[in-house]
1. Grab the beta carbon distance between S172 and V5, set R0 = 25 Å, and tell me the FRET efficiency rounded to 0.05.
2. State, to one decimal in nm, how far the label point of D97 lies from the label point of R202, with both points 7 Å from Cα in the Cβ direction.
3. In what sequence, largest accessible area first, do E198, E131, E111 appear using a 1.4 Å probe?
4. Sticking with the crude label model, points 7 Å out along Cα→Cβ, report the distance from R164 to M216 in nm, one decimal please.
5. Hey, quick one: spin label on E36, modelled 7 Å out along Cα-Cβ, who in segment 3-23 has an amide N within reach, i.e. under 15 Å?
6. Over segment 1-76, what percent of the accessible surface lies on carbon and sulfur atoms, probe 1.4 Å?
7. Could you work out how much longer the chain between A138 and A52 gets when fully extended? Use 0.36 nm per residue separation minus the Cα distance between them, nm to one decimal.
Amino acid sequence: MAAKVLLRGGCVLTLGAKTPNFKEADLLIQDDRVAEVGPGIRSRDAEVVDAADTIVMPGFVDTHRHTRASLFRNLGDGVGASSRHDLLAADAFGPDDVYAATLAGLLGAVEAGITTVVDWADGPLDAAAVEAALQAHADAGLRTVFVAPKEGTAHTGARQLLERLAATAGPSTDLAVGVGVRRDGSGGAADAAAMARELNRRIHVHAEAPESGRRMVSELAGRALLGDD
């Protein structure tokens with residue numbers, strides 16, 4: 001992006017308490033920051049974009065997306081979650097496929113006005129596949145949280161791999177740890193959460209629908225899995 005970009009003549013929804021909304025105004029972006037909002041802003045050597053008949057507003061936040069499954073969206077209801085997981089973990093679905101699927105999913109988010117994505121990684125915690133996914137995150141240019149596959153956080157070497165991946169993730173991507181909880185309460189959640197806290201990583205919980213009579217959120221809180229992190 002150019003150092004200065006001026007969005008000219010759009011309907012500007014700031015969604016802020018201090019800056020009002022404008023039926024028609026300009027918005028100046030300088031060094032990736034909103035520098036000025038209002039009607040009749042001078043271009044100041046900025047790249048000018050005609051925003052007439054469009055809405056200019058902050059991007060949406062998608063708190064749960066599985067970008068690695070983007071290539072399987074049209075399989076239909078006849079393919080269950082376990083079958084999709086098998087496809088994602090298959091030998092034929094290599095790092096290049098992971099990169100393509102992740103990038104397609106993230107660019108699809110941008111097309112829908114989403115600029116921040118929490119990406120739940122499917123499949124095994126494989127170094128080459130995760131590195132490919134993180135490269136797609138960097139290339140997409142969004143703000144992202146990459147949630148490491150919950151299925152892989154218990155295997156030997158997961159801690160060292162996550163430490164290395166966290167250090168190599170792009171400046172706009174944060175790496176978090178996925179914690180899976182099955183409907184019967186199992187899933188190694190406590191061990192995964194403990195590792196996340198040792199690594200000072202955020203925890204994202206993915207819980208199945210509980211069995212009848214179980215109070216899943218209360219149980220997770222009772223097991224100290226719902227802290228500030």
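1. Values: r = 18 Å, r/R0 = 0.71.
Working from the Cβ atoms, E equals 0.90.
2. Computed distance between label sites D97 and R202 equals 3.0 nm.
3. Values: E198 125, E131 80, E111 165 Å².
Order by accessible area, largest first: E111, E198, E131.
4. Rounded to a tenth, the inter-label distance reads 3.4 nm.
5. Only 4-9 fall inside the zone, counting backbone N under 15 Å.
6. Taking all protein chains in place, segment 1-76 shows 51 percent carbon and sulfur surface.
7. Working: separation 86, 0.36 × 86 = 30.96 nm, distance 3.03 nm.
This chain segment gains 27.9 nm when fully extended.
The values are calculated or read from the model by the stated rules, or taken from the named source; none is laboratory data. Remember, it's a predicted structure, so these values are computed and weren't measured experimentally. Cβ atoms come from the backbone with ideal geometry, glycine included; neighbour counts cover every protein chain shown. Ligands, DNA and RNA are stripped out before the accessible areas are found, and what is left, the full protein with its side chains, is counted by its heavy atoms. Shrake-Rupley method; radii C 1.70, N 1.55, O 1.52, S 1.80 Å.
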